[in-house]
Amino acid sequence: MKKRSLRAILASGFIVFTAGTIGPVSINFAYSQEKVITIAVPFGPKSSVPDPRARQNGWLSNKAGVSETLVGLDYQMKMFPRLAESYRNISPTQWEFTLRENVKFHDGSLLTSEQVKDSFQKLNDKDHAAYNPRLIKLLNIKKITIKDERTFVFETNEPNSAFIWSLTEPTASVIKEGTEKLPIIGTGPFVFVSAEAEKNYHTKAFADYWGGKPKLDGIIMDAISDASVAALALQAGDVDLVTNYSEPDFAALEKSNQGQRFDGATTRLFFYQVRTADGPLANKELRQALSLGLDRGLIVEAALAGVGGDPAHSIFPVTMKSWVNKAIEAPYDVKKALEILDNAGLKDTNDDGIREIDGENIVLKLRSYEGRPALKPTLEVTQALLSKLGLQVEISMGEYQANNDALKLGEIQMHLQAWGTAPQGDPDYFPSTLLDSKAGYNFSGYNNPKLDVLLEKGRGEFDPVKRKVIYDEIQEIIAEDLPLIPVFHKTQVSVGNGKVKGYRIHPAETYLASPELDIEG
């Protein structure tokens with residue numbers, strides 16, 4: 001076995017963990033003599049018992065192999081039956097599911113229709129740890145009718161062509177009520193053992209997994225938000241795999257042909273959410289000039305060292321090629337940007353080098369957050385580029401939710417973020433979550449009745465050809481109004497210690513631990 005850090009040693013050899021939140025029951029797992037992989041991830045659990053159905057907890061538990069959904073996404077972003085054996089659309093608002101036979105929860109009990117119904121009903125319970133208003137809106141379930149032990153029907157309040165895709169959302173996992181001994185009871189290849197908020201997540205293998213016994217005995221997810229620190233942890237032998245490696249460091253490894261390197265295109269988009277409801281960027285012409293002033297190719301080279309992405313013209317990447325509106329372009333054109341500003345009357349009238357709006361200098365406050373190494377350099381390059389347009393740009397890093405709150409209050413004008421635009425493989429999620437006038441994440445204050453109608457129409461249309469026309473128009477509105485300014489589509493780069501086996505980067509970035517994941521030695 002490889003050399004372990006003090007943290008890993010303390011987690012080995014039948015050390016007893018007694019976290020107060022899960023009761024006095026001891027959880028024993030011997031890592032010293034078993035195959036355990038330690039993986040550095042940019043974000044950790046939000047609590048010591050992170051229910052996979054709440055917030056974005058499902059992303060981590062799905063990656064760790066603890067929780068599973070009824071429907072999954074393969075590496076071509078196509079749906080496949082997961083916990084479900086089959087499913088079919090029996091009416092515009094009804095979907096019938098049949099569960100796989102002999103699927104066991106981690107406590108040994110069998111997965112049944114009743115357990116599925118109970119798990120999904122907890123999403124609506126404000127007093128339960130699984131409460132998830134965002135997922136409730138995505139699914140819009142009216143009722144769940146049980147036909148027999150393995151067959152049930154979802155009925156939605158309205159026709160929703162994205163419903164089946166939304167079930168691939170990691171928080172739509174099927175979870176049984178936890179106990180003191182097993183606080184999170186899922187069906188995946190690994191059993192939840194313990195977690196420390198924002199720090200780590202431990203699992204052990206589930207021998208009775210329906211997809212076959214895992215090759216590993218356990219997984220440790222270590223939250224290391226700084227990519228350079230994660231790289232040092234890999235060099236020191238503290239971790240076996242860094243999932244989000246620093247792009248410049250990856251480029252150096254690639255140049256010298258060193259390291260166990262992995263790369264793969266994803267649906268992740270780096271973009272600015274723009275405050276359109278008030279402040280200087282309520283001016284549409286100014287937003288258009290900003291977009292024209294961004295040299296996206298330069299940003300990719302500077303922030304990603306040329307190895308981690310492609311300039312974004314629209315919100316969808318090549319991994320979603322069937323939904324990309326290829327007619328949309330986001331060129332770099334400083335001359336045109338300056339013309340737009342001049343024609344809009346946004347000029348420097350007092351010769352201080354800063355353009356003005358309503359007699360005051362245009363000051364734009366931009367903010368981003370730690371956790372993804374490309375965010376800060378993207379912010380810095382943006383500042384330099386926009387200054388060429390005669391704009392005063394102030395940049396800073398903050399906490400993600402605090403940034404959202406500041407954007408909503410108009411305290412900042414742009415929030416640089418990195419989202420998977422289609423983690424469920426469907427085009428509805430991203431625009432509906434961020435731009436619908438009633439969306440919980442619409443911190444722009446953007447309100448476009450035409451877009452709202454199109455989003456509703458897109459959810460209600462089941463013909464993929466007709467849906468394509470709708471989402472092409474949605475992309476055109478976004479490109480014209482720019483409540484979101486796309487910057488680049490991200491390619492994930494990861495580095496292992498040379499012993500990692502069975503690892504692939506999934507385009508949705510929500511899958512990692514499979515029964516085939518392994519490590520030598």
Can you classify the chain as rounded, prolate or oblate using the Cα gyration tensor, where a ≥ b ≥ c are the square roots of its eigenvalues, rounded means a/c under 1.5, and otherwise it's prolate if a/b beats b/c and oblate if not?
oblate
Taking only Cα atoms of region 326-485, what ratio of Rg to Rh do you get with Rh as the Kirkwood inverse-distance radius?
1.00
Round to a whole number: what % of the accessible area of the chain belongs to carbon and sulfur, probe 1.4 Å?
49 percent
Which net charge results for the neighbourhood of Ser47, defined as the other residues with beta-carbon distances under 14 angstrom from its beta-carbon, given Lys and Arg at +1 and Asp and Glu at -1?
+1
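With every protein chain left in place, what is the accessible area per residue of region 349-446 in square angstrom, probe 1.4 Å? Working shown, then result.
Working: 3630 Å² over 98 residues.
Computed with neighbouring chains in place, this is 37 Å² per residue.
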Just to confirm my numbers, what's the Cα centroid distance between region 470-521 and region 298-339 in Å?
16 Å
Computed [θ] at 222 nm, deg cm²/dmol, the chain (DSSP H ≥ 4; -39,500 (n - 2.57); rounded to nearest 500)
-7500 deg cm²/dmol
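Calculate, for Lys35 and Asn343, the FRET efficiency according to 1/(1 + (r/R0)^6) with r their C-beta to C-beta distance and R0 56 Å; round to the nearest 0.05. Kindly include the intermediate steps, with their values, before the conclusion.
Details: r = 65 Å, r/R0 = 1.16.
That pair, Lys35 with Asn343, gives E of 0.30.
What shape does region 58-171 take by its C-alpha gyration tensor, where a ≥ b ≥ c are the square roots of the eigenvalues and a/c under 1.5 counts as rounded, a/b above b/c as prolate, and the rest as oblate?
On the way: a/c = 1.15, a/b = 1.10, b/c = 1.05.
Rounded, since a/c falls under 1.5.
The values are calculated or read from the model by the stated rules, or taken from the named source; none is laboratory data. What you are looking at is a predicted structure, and each value in this text was computed from that prediction instead of being measured. FYI the Cβ positions are ideal-geometry reconstructions off the backbone, even for glycines, and counts take in every protein chain you see. For the accessible areas, the whole protein counts, side chains as well, though only heavy atoms, and no ligand, DNA or RNA atoms are used. Shrake-Rupley method; radii C 1.70, N 1.55, O 1.52, S 1.80 Å.
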